[in-house]
Amino acid sequence: NDAGHPVRFLGLTSDVTERYEAEAALRQSEDRFRAAVDCFPYVFTIYGPDLRICFVNQAGVQKSGLREQDIVGRRDDELFPPSVTDTYLPHLRRAFETKTRQVFESTHTLPNGTTTILVNYVPLLD
C-alpha cells in the first residue's frame, strides 16, 4: 500500500448448498400443492391471521369473477358486498378466534338461480 503498511484481507466462505436444496424442495412442494388444489372443483382459500386471502385456487378465481392478483392480499369484505359476506364472515372469524372448525350451509340467490353451499372453515394450526 502507499503508506507502507501491510494490507490484510479476511475471506469468509460458507456452503449454501443445503439452503439452495431446501429452497428447491420448498418450491417443488408449493408446486405440488398448487397443482393438487387447482384441480378441486370447489373453492379453496387460505386466509392469514388478519383474514386477508393468502391463496385461492382456480375454482375460487373463476367463481369470484375476479383475477387472482385482485383477490390475494385482500379481505372478503373488501371484495364482496355485505349482502354476501354477512352470511359467512361471522363463521370465519369464529374459526380464527376459537381455533375450531366451523361448518354451515348458506343459500344464495344468484342470477342463474338459487344455490345452497356447504362451507367448512378449518383452522391451520402450526
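The values are calculated or read from the model by the stated rules, or taken from the named source; none is laboratory data. In this text the structure is predicted, and so the values were computed from the model without any measurement. Cβ sites come from the backbone with ideal geometry, for glycine too, and all protein chains shown count toward neighbours. SASA here: full protein model, heavy atoms, side chains in, ligands and nucleic acids out. Shrake-Rupley method; radii C 1.70, N 1.55, O 1.52, S 1.80 Å.
Data for the structure
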read-out: Cα long-axis angle, helix 82-98 against the chain (0 to 90 degrees, to the nearest 10); value: 60 degrees
read-out: Relative contact order (%) - the chain, alpha-carbon pairs under 8 angstrom, separation at least six; value: 13 percent
read-out: Charge sum, other residues only, whose C-beta stays under 15 Å from Thr116's C-beta, Lys/Arg counted +1 and Asp/Glu -1; value: 0
read-out: Relative contact order of the range 1-57, defined on C-alpha pairs under 8 angstrom at six or more residues apart (%); value: 19 percent
read-out: Rounded to 10°, Cα long-axis angle of helix 17-38 versus longest principal axis of the chain; value: 10 degrees
read-out: GNM flexibility winner over the chain from Leu79, Leu26, Leu51 (Cα, springs under 10 Å); value: Leu26
read-out: Given [x] 1.70; [y] 1.13; [z] 0.94, the label whose value is Cα Rg over 2.2 N^0.38 Å derived from this model; value: [x]
read-out: Sequence-distant residues sharing a close amide H with Phe104 (under 5 Å, placed H); value: Val119
read-out: Residue-normalised accessible area of the chain, expressed per residue, 1.4 Å probe, Å²; value: 77 Å²
read-out: Charge dipole (debye, nearest 20) of the chain; +1 at Cβ of Lys and Arg, -1 at Cβ of Asp and Glu; value: 300 debye
